[in-house]
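Chemist: Below: one structure in structure tokens.
The values are calculated or read from the model by the stated rules, or taken from the named source; none is laboratory data. Just so it is clear, the model here is predicted, and its values are computed rather than measured. Note that each Cβ is placed from the backbone with ideal geometry, even for glycine, and that neighbours are counted across all protein chains shown. Heads up: the accessible areas ignore ligands, DNA and RNA and are worked out on the full protein's heavy atoms, side chains in. Shrake-Rupley method; radii C 1.70, N 1.55, O 1.52, S 1.80 Å.
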Amino acid sequence: MSDPITLNVGGKLYTTSLATLTSFPDSMLGAMFSGKMPTKRDSQGNCFIDRDGKVFRYILNFLRTSHLDLPEDFQEMGLLRREADFYQVQPLIEALQEKEVELSKAEKNAMLNITLNQRVQTVHFTVREAPQIYSLSSSSMEVFNANIFSTSCLFLKLLGSKLFYCSNGNLSSITSHLQDPNHLTLDWVANVEGLPEEEYTKQNLKRLWVVPANKQINSFQVFVEEVLKIALSDGFCIDSSHPHAVDFMNNKIIRLIRYR
């Protein structure tokens, strides 16, 4: 038996054997630990690999068993695929492709439900009229809330890649706000006439944009139109049995279904 080898992968330590690391000789790890490629060392003398340390556990387990074991709620398939490509473990790449096909088939039939709420809020702000003169002003703003539920995690990720919050002058994908893989809550405001840009940041008022159209969403009508475009392109259609026509026309409830 060979002595244990400790790896430092992105700051996370793993201990394994030389036989495991060279179990796929044509892989990058096989080349590194058979002497065909140089290896780097950290300050403790461990082999250092500057890659994601968290998902390396799945790569290492595949080297040990030749079997892909992922938790049911695994949400980092894209990252794991990129890491498998980096290490060039070809059987793992093929296993991931099969897994993604399996997940895609499981999500063929899906439901999308969106509940919309809207209210008017008064915002107070200061206006600089001269270098030393400020006045207090107020204005009404539209505040929007959308609760989105879908049985398709992949669709919510797709939706998250199209919608962005505008905060502190920067756009950030709403994917980072996706805590539950099946549920997403959006809160945003429309542009307020006369409200200085810095006040949005100061009062933590987020606006919503859709890309690549680079369109700001200032009404529920625009929001519904953009979400429908994304959903219909992904195979969804309007559920004719729900909601009631009045609710749909009033933009209160949207339910779509997908059969493939």
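Chemist: With the checklist (1) of a type in the set (G, A, S); (2) under 20 Å from M77 (Cα atoms); (3) open to solvent by 40 Å² or more (accessible area, probe 1.4 Å) in hand, flag the one item G35 doesn't pass.
Modeler: (2)
Chemist: Between a first residue in the range 84-101 that is closer than 20 Å to L154 by Cα and a second residue that is open to solvent by 20 Å² or more (accessible area, probe 1.4 Å) and of a type in the set (A, V, I, L, M, F, W, C), which pairs have beta carbons less than 6 Å apart while being 6 or more apart in sequence or on different chains?
Modeler: Partner pairs satisfying both residue conditions: A95/L68.
Chemist: Can you name every residue in the range 39-67 that is in a loop (DSSP other than H, G, I, E, B), touching a Leu at 6+ places or on another chain (Cβ under 7 Å) and either of a type outside the set (V, I, T) or not assigned by the TED database to the domain that holds I93 (or both)? Break it down stepwise before answering.
Modeler: Narrowing the range 39-67 to residues in a loop (DSSP other than H, G, I, E, B): 39, 42-46, 50-55, 66-67.
Right, trim to touching a Leu at 6+ places or on another chain (Cβ under 7 Å) and you get 46, 52, 55.
Those that are in a loop (DSSP other than H, G, I, E, B), touching a Leu at 6+ places or on another chain (Cβ under 7 Å) and either of a type outside the set (V, I, T) or not assigned by the TED database to the domain that holds I93 (or both): N46, D52.
Chemist: When the residues of the range 120-156 are filtered to those that are over 20 Å from C237 (Cβ atoms) and not in a strand (DSSP E or B), which remaining residue is modelled with the lowest pLDDT?
Modeler: Q132
Chemist: Among (1) of a type in the set (K, R); (2) over 30 Å from the mean Cα position of the chain (by Cα); (3) in a strand (DSSP E or B), there is one condition K36 misses while meeting the rest; what is its number?
Modeler: All conditions are met except number (3).
Chemist: What are the pairs, 6+ residues apart or on separate chains, where a residue within the range 227-238 that is farther than 15 Å from T151 by Cα has its Cβ under 7 Å from a residue that is of a type in the set (D, E, K, R)?
Modeler: If the second residue must be of a type in the set (D, E, K, R), the pairs left are I230/K162.
Chemist: Let me ask something else. Scan the range 194-225 for residues that are outside any loop (DSSP other than H, G, I, E, B), within 17 Å of L159 (Cβ to Cβ) and open to solvent by 40 Å² or more (accessible area, probe 1.4 Å) and jot them down.
Modeler: Within the range 194-225, W209, K215, E225 qualify.
Chemist: Further question on the same structure: Return the residues of the range 14-33 that are farther than 15 Å from N61 by Cβ and either assigned to a helix (DSSP H, G or I) or touching a residue at least 12 places away in the same chain (Cβ under 8 Å) (or both); say none if nothing qualifies.
Modeler: Within the range 14-33, the subset farther than 15 Å from N61 by Cβ is 18, 22, 25-26, 28, 30-33.
If the condition is that a residue be farther than 15 Å from N61 by Cβ and either assigned to a helix (DSSP H, G or I) or touching a residue at least 12 places away in the same chain (Cβ under 8 Å) (or both), then L18, T22, D26, M28, G30, A31, M32, F33 are the ones that fit.
Chemist: Also, I was wondering about something else. May I ask you to say which residue of N191, N117, N113 is modelled with pLDDT of 85 or more and not in a strand (DSSP E or B)?
Modeler: Numbers: N117 fails: not in a strand (DSSP E or B); N113 fails: not in a strand (DSSP E or B).
Of the residues listed, the single one that is modelled with pLDDT of 85 or more and not in a strand (DSSP E or B) is N191.
Chemist: Inspect the range 63-70 for any residue being in contact with a Ser or Thr (Cβ under 6 Å, 6 or more places away or on another chain) and among the basic types (K, R) and give the result as yes or no. It would help to see each step written out before you state the result.
Modeler: Here is the first cut: in the range 63-70, the residues in contact with a Ser or Thr (Cβ under 6 Å, 6 or more places away or on another chain) are 63-64.
Subset that is among the basic types (K, R): 64.
Yes, there is a match, as at least one residue in the range 63-70 is in contact with a Ser or Thr (Cβ under 6 Å, 6 or more places away or on another chain) and among the basic types (K, R).
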